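Student: First the structure, then my questions, so here it is.
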Amino acid sequence: MQMKRHILISTIAMALAAGFTSCEDFLDKQPLDKVSTSTFWQTTKDADKALTAAYASFRNGTFSAVPAGGPCTEQECLSDNAVTRGAHSAIQQGGINPSTGGLLNDLWDDSYKGIAAANYFLDNFDKVRDLYSEVDFNKLKAEALFIRTFYYNELVVHYGAVPMMLHSAKLGDGFEKLPRSPRAEVISQMLDDIDFAIEWLPNVAYTDGHAVKGSAVVLKCRILLNDQRYADAAKLAGDFIHDPANPFKLADDYAGIFFGGQINNPEIMFSIQFTAPDDFHALDQMVASRMTIFPSYNLRAAYEEGDPRIKMTMYEAGDPWVSNDKTGKFEDDGNRAEGLVPFTGMAFKKYVNPTIMAPKASTLSDQHIVKMRYADLLLMYAEAMFESGQGGDPKALAALNAVRQRPGVNMPPKTELTRENIRNERRVELAYEGIRYYDIIRWDIAKDVIPTVQYDESGKMRKFDGNLWPVPQKQMDIMGDIWEQNAPWN
């Protein structure tokens with residue numbers, strides 16, 4: 001085992017090199033792991049390149065989208081909102097194990113690559129401190145801490161206790177004996193880091209792909225809710241929402257948040273940005289043409305009658321559809337897409353460019369992948385207020401109804417704040433944004449709702465293996481005598 005540990009290269013140990021190698025296209029010169037420290041970290045441009053590399057770590061199929069594969073939005077199928085006939089079908093059918101691979105490996109690997117990229121920046125940024133004012137220096141440091149915290153939050157949600165690396169891994173520094181830090185310790189570190197980010201990131205609208213104060217507030221709210229610290233989350237969200245200097249608001253066009261109206265959108269608080277034709281992904285091809293992921297019956301049933309978000313979120317039988325050159329409607333008769341209409345009779349429309357024939361879209365998609373938006377913050381505030389015993393405060397109900405009555409939606413206001421109202425509003429408002437799975441995990445209802453989802457046309461139902469995933473077997477092969485595998489795989 002000792003020899004294996006030295007021969008095999010751990011995901012964590014190689015994260016730095018792998019992270020920057022994968023970001024090569026986003027740097028002006030050679031990858032940073034091949035740049036001598038004697039020639040790099042001399043100018044502000046060097047720091048900008050390193051921070052760009054850290055942001056570029058988001059650009060993969062796990063957290064945003066890539067040209068050759070599906071977007072992260074396909075992970076909606078982990079929840080009860082969607083079904084897939086694609087790469088994540090093994091998770092939906094149950095029986096996952098440490099060797100399942102796919103997303104179970106990718107999320108681990110991609111998270112540590114992102115952490116390594118952030119750590120590389122943080123470890124070296126002091127070398128150019130004198131080139132910045134205190135405000136500018138701490139702003140860039142805060143961005144790197146935001147990125148690192150984002151990834152650690154993903155790891156904690158999916159794997160629980162994880163090894164906590166706060167500096168770049170170096171051979172001989174003992175990384176091969178690094179233990180899995182308890183969940184509480186990782187959360188404590190995340191909160192320290194995100195508090196620094198909230199203090200130093202500018203309180204401005206989100207525009208150019210760089211995190212701002214609002215981005216960090218959303219991330220901290222998610223961490224606090226996951227840890228059931230409802231009063232803290234309510235205060236944080238409420239203080240930001242009700243601050244006269246709050247630069248965010250609900251957008252006038254719900255559909256435009258995801259396609260056609262993303263530039264300088266007042267609701268988007270953080271996203272992964274793309275610009276075709278040089279910088280594109282395959283969302284339209286994977287979702288609108290192959291229909292590898294599609295809405296579940298359960299999601300459709302969650303909408304109230306007359307909710308206009310239905311037609312802005314999904315295609316149903318008879319809806320206008322550019323991929324049908326015979327009838328112009330969403331149906332198989334005349335369908336020129338790469339896949340058949342799913343057995344549920346629905347496909348996702350949110351994010352989709354409805355004007356292009358989907359098989360031709362493999363190099364045209366450049367929708368920004370929205371990771372955080374203001375409606376989510378409003379609903380987290382309503383939830384935190386309710387769960388902390390403050391649900392009677394009119395501001396909590398007002399936050400929920402602001403989302404329901406947003407321009408273009410105009411659903412009747414709720415007269416009472418209830419857990420059911422909050423949870424269902426989150427479900428329909430944020431459908432196909434990759435948030436539902438995190439919600440049902442922290443509410444501890446995944447075990448109840450996942451088995452109610454029909455998996456295929458034969459009537460087979462979904463299965464659920466547990467709130468935590470197993471640590472990838474390739475990692476356990478290296479660290480197995482030091483780490484204990486998550487139950488029940490231990």
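Student: At N424 and E304, where each label point lies 7 Å from the Cα along Cα→Cβ, what is the point-to-point distance in nanometres?
Tutor: Placing both labels 7 Å along Cα→Cβ, they lie 0.8 nm apart.
Student: Would you kindly calculate the translational diffusion coefficient of the range 104-227, applying Stokes-Einstein with the Kirkwood radius from alpha carbon pairs, for 20 °C and a viscosity of 1.002 mPa s, and quote it in µm² s⁻¹ without decimals?
Tutor: The estimated diffusion coefficient comes to 142 µm²/s.
Student: Let me know the whole percent of all Cα-Cα pairs from the chain that are separated by more than 31 Å.
Tutor: Considering the chain, 44 percent of its Cα-Cα pairs are separated by more than 31 Å.
Student: Another question, then. Taking the Cα centre of the chain as the origin, how large is its charge dipole in debye, to the nearest 20, when only Lys and Arg (+1) and Asp and Glu (-1) carry charge on their Cβ atoms?
Tutor: Around 400 debye, computed over the chain.
Student: List the extent of the Cα atoms of the range 256-339 along each of their three principal axes, largest first, rounded to whole Å.
Tutor: In descending order, the Cα extents are 37, 35, 19 Å.
Student: With unit charges on the beta carbons (Lys and Arg positive, Asp and Glu negative) and the dipole taken about the Cα centre of the chain, which residue among I241, Y315, A255 sits farthest to the positive side?
Tutor: Most positive-ward Cα: Y315.
Student: For the chain, what does the helix formula give at 222 nm: sum of -39500 (n - 2.57) over DSSP H segments with n ≥ 4, over the residue count, nearest 500 deg cm²/dmol?
Tutor: For the chain, the value works out to -12000 deg cm²/dmol.
Student: Another question about this same structure. Under the Karplus relation 6.51 cos²θ - 1.76 cosθ + 1.60, θ = phi - 60°, what is the ordered set of whole-Hz ³J(HN,Hα) values for the range 305-314, x standing for Gly and Pro?
Tutor: 4, x, 6, x, 5, 4, 6, 8, 10, 8
Student: Hey, quick one: spin label on R442, modelled 7 Å out along Cα-Cβ, who in the range 194-224 has an amide N within reach, i.e. under 11 Å?
Tutor: Output list for this probe position: 218-224.
Student: Among F240, F125, which comes first, second and so on when ranked by fewest other beta-carbon atoms within 10 Å?
Tutor: Starting with the residue having the fewest Cβ neighbours, the order is F125, F240.
Student: Could you derive backbone 3J(HN,Hα) for the range 142-150 from the dihedral phi with the Karplus parameters 6.51, -1.76 and 1.60 (θ = phi - 60°), listing whole Hz in sequence and x where the residue is Gly or Pro?
Tutor: 4, 4, 5, 5, 4, 4, 4, 5, 4
Student: Could you calculate the FRET efficiency of T43 with D208 from 1/(1 + (r/R0)^6), where r is the beta carbon distance between them and R0 is 25 Å, rounded to 0.05?
Tutor: With R0 = 25 Å, the Cβ-Cβ based efficiency is 0.75.
Student: Multiply the residue separation of R129 and D456 by 0.36 nm, subtract the distance between their alpha-carbon atoms, and state the gained length in nm to one decimal.
Tutor: Gain on extension, R129 to D456, equals 112.0 nm.
Student: Next up: In 10 Å bins starting at 0, how do the alpha-carbon pair distances of the range 332-490 split up by percent?
Tutor: 8, 24, 27, 27, 12, 2
Student: Hey, fewest Cβ within 10 Å first, where do R129, R436 land in order?
Tutor: Taking fewest neighbouring Cβ atoms as first place, the list is R129, R436.
Student: Ranked from highest to lowest mean number of other Cβ atoms within 10 Å per residue, what is the order of the peptides 454-462, 105-113, 141-149, 391-399?
Tutor: Sorting 454-462, 105-113, 141-149, 391-399 by mean packing, highest first, produces 141-149, 105-113, 391-399, 454-462.
Student: Would you list, by chain and number, the lysines whose Cα falls below 22 Å from the Cα of K177, excluding same-chain residues fewer than 8 positions away?
Tutor: Within the straight-line cut-off, K177 pairs with K4, K113, K474.
Student: Give me the distance in nm between label points sitting 7 Å out from Cα along the Cα-to-Cβ direction at N467 and T327, one decimal.
Tutor: Calculated label separation equals 4.5 nm.
Student: Give me D193, D477 sorted ascending by neighbouring Cβ count inside 10 Å, so fewest comes first.
Tutor: Ordered from fewest to most neighbouring Cβ atoms within 10 Å, D193, D477 come out as D477, D193.
Student: Sticking with this structure for a sec: Starting from the amide H of F270, placed 1.01 Å from N in the peptide plane, find each other amide H under 5 Å away whose residue is 5 or more places distant or on another chain.
Tutor: Under 5 Å from the amide H of F270: K371, M372.
Student: Within the range 254-323, which GluC sites (Glu not before Pro) sit in a loop by DSSP and count at most 10 neighbouring Cβ atoms inside 10 Å?
Tutor: Passing sites in the range 254-323 are E305.
Each value in this text was obtained by applying a stated rule to the coordinates, not by laboratory testing. Everything quoted here is computed from the prediction, not taken from an experiment. We place every Cβ from the backbone using ideal geometry, glycine too, and count neighbours over all the protein chains shown.
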